[in-house]
Amino acid sequence: MTPTTPSMADLATFALVVQHRGFRQAARASGQSASALSEALRRLESQLGIRLLLRTTRSVTPTEAGTLLLTRLQPALNEVAGALDVLNELRERPRGTLKLNVPVSAARFFLQGLVNRFMQAYPEIVVEIVVDNNFVDIVASGCDAGIRYGERMEQDMIALPIGPRRERFAVAASPDYLRRRGVPEHPRDLLRHACLRGRFLSGAMTTWEFEKDGQTLTVEPSGPLIVTPTVSDLAISAAVAGHGVIYLFEQWLQPYLEAGQLQPVLQDWWLSFPGPFLYYSGRRHLPAPLRAFVDFIKAA
């Protein structure tokens, strides 16, 4: 009996599940049901006569055979996607989905206006924003491009300036806190203060960096509250309530500084740093939605 040739759809489903490390994650990314994806994988493994995935209650990993298949399959799937997207470029208006991986600060401070204008210019493109402060492999995560601040880019990545070109980290505390605990005169004084800190999902603590007259230093203070950057508003609320000193993007603290709820400290030590970049792979054909966004950013 001649074995049935697997369909391209089932092969693409296999690659999608491996990419997202699970059926539920792949279902959310593709808009399909997890049960439909699972059935496609069962059908594919049956047709090939070999197990491709090791399934647990928490994750999915490829077997040796699955890894070998994916290594040969992924370039072909990329070529098919690129070939289909060539037709998209022939349309008067590109369509499809643009998936961006961005940090909280970009989503909050400057991306809204850009995305609103882009959606108005390209109504047939669906924009999906994934908020993630970790530095991720955008290709492996299924995103078309990412936005990050000053991280070292891989050699095959293209970086395009986006948003404000200079930003600062500000340090502040409530007037009540400063009356009780005193005003820090030097960054090292923060070691004797209650500081409201952040921790990335990776487990790394956010660093408090300072600069003045060419001198730079890093302080690792302690304090009563630690939050992930995605919920920095909790730290701001604690600072306004007088629980400690906060170190955060100046733009984030500006409304509270202007209202007098927070008072700036160590202003001559505030760290200035380059603005963010849009980055994407330079090794593959740009999908039409990403090409449209890149051209839009360059024009803006």
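The values are calculated or read from the model by the stated rules, or taken from the named source; none is laboratory data. Quick caveat: nothing in here was measured; it's all calculated off a predicted structure. With ideal geometry, Cβ positions are generated from the backbone for all residues, glycine too; neighbour counts draw on all protein chains shown. We work out accessible area using only protein heavy atoms, side chains counted, and drop any ligands, DNA or RNA first. Shrake-Rupley method; radii C 1.70, N 1.55, O 1.52, S 1.80 Å.
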| Which of (1) within 24 Å of Ile129 (Cα to Cα); (2) touching a residue at least 40 places away in the same chain (Cβ under 8 Å) does Gly203 not meet, given it meets every other one? | (2)
| note | Among residues of the stretch 46-66 being β-branched (Val, Ile, Thr) and not in a strand (DSSP E or B), the residue farthest from Ala26 (Cα to Cα) is Ile50
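Every residue, every condition in (1) hydroxyl-bearing (Ser, Thr, Tyr); (2) surrounded by fewer than 13 Cβ atoms within 10 Å (Cβ to Cβ); (3) more than 22 Å from the chain's Cα centre (by Cα), yes or no:
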residue: Glu258; (1), (2), (3): no, yes, yes
residue: Gly275; (1), (2), (3): no, no, no
residue: Tyr279; (1), (2), (3): yes, no, no
residue: His285; (1), (2), (3): no, no, no
residue: Leu290; (1), (2), (3): no, no, no
residue: Phe296; (1), (2), (3): no, no, no
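Restrict the check to the stretch 24-35 and report whether at least one residue is hydrophobic (A, V, I, L, M, F, W, C) and open to solvent by 60 Å² or more (accessible area, probe 1.4 Å). Steps first, answer last, please.
First, pick out the residues of the stretch 24-35 that are hydrophobic (A, V, I, L, M, F, W, C): 26-27, 29, 34.
From the residues that got through so far, the ones that are open to solvent by 60 Å² or more (accessible area, probe 1.4 Å) too are none.
Checked against the condition, which is being hydrophobic (A, V, I, L, M, F, W, C) and open to solvent by 60 Å² or more (accessible area, probe 1.4 Å), the stretch 24-35 yields no hits at all.
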| query | Residue check, Gly223 against (1) open to solvent by less than 30 Å² (accessible area, probe 1.4 Å); (2) of a type outside the set (Val, Ile, Thr); (3) over 16 Å from the mean Cα position of the chain (by Cα), all met but one. Which one? | reply | (1)
| task | Would you mention how many residues in the stretch 234-256 are surrounded by fewer than 18 Cβ atoms within 10 Å (Cβ to Cβ) and over 24 Å from Ser272 (Cβ atoms)? | result | 4
| task | Could you please tell me which pairs satisfy a Cβ distance under 7 Å, a separation of 6+ or placement on different chains, a first residue in the stretch 272-299 that is on the phi < 0 side of the Ramachandran plot, and a second residue that is surrounded by fewer than 18 Cβ atoms within 10 Å (Cβ to Cβ) and acidic (Asp, Glu)? | result | Ser281/Asp156; Gly282/Asp156; Arg283/Asp156; Ala288/Glu89
| request: Just one of (1) surrounded by 19 or more Cβ atoms within 10 Å (Cβ to Cβ); (2) closer than 22 Å to Arg165 by Cα trips up Leu266, so point out which. | output: (2)
| note | Of the residues in the stretch 158-184, those that are open to solvent by 50 Å² or more (accessible area, probe 1.4 Å) and without any contact (Cβ under 8 Å) to a residue 40 or more places away in the chain come to Arg179, Arg181
| So Gln261 fits all but one of (1) assigned to a helix (DSSP H, G or I); (2) within 23 Å of Asp189 (Cα to Cα); what number is the exception? | (1)
| message | Can you pull out every residue in the stretch 264-295 that is of a type in the set (Lys, Arg) and part of a loop (DSSP other than H, G, I, E, B)? | response | Arg283, Arg284
| said: Consider the stretch 43-81. How many of its residues are surrounded by 12 or more Cβ atoms within 10 Å (Cβ to Cβ) and of a type in the set (D, E, K, R)? | reply: 5
| task | State whether the residues of the stretch 193-216 include one that is of a type in the set (S, T, N, Q), in a helix (DSSP H, G or I) and either open to solvent by 10 Å² or more (accessible area, probe 1.4 Å) or under 30 Å from Val80 (Cβ atoms) (or both). | result | no
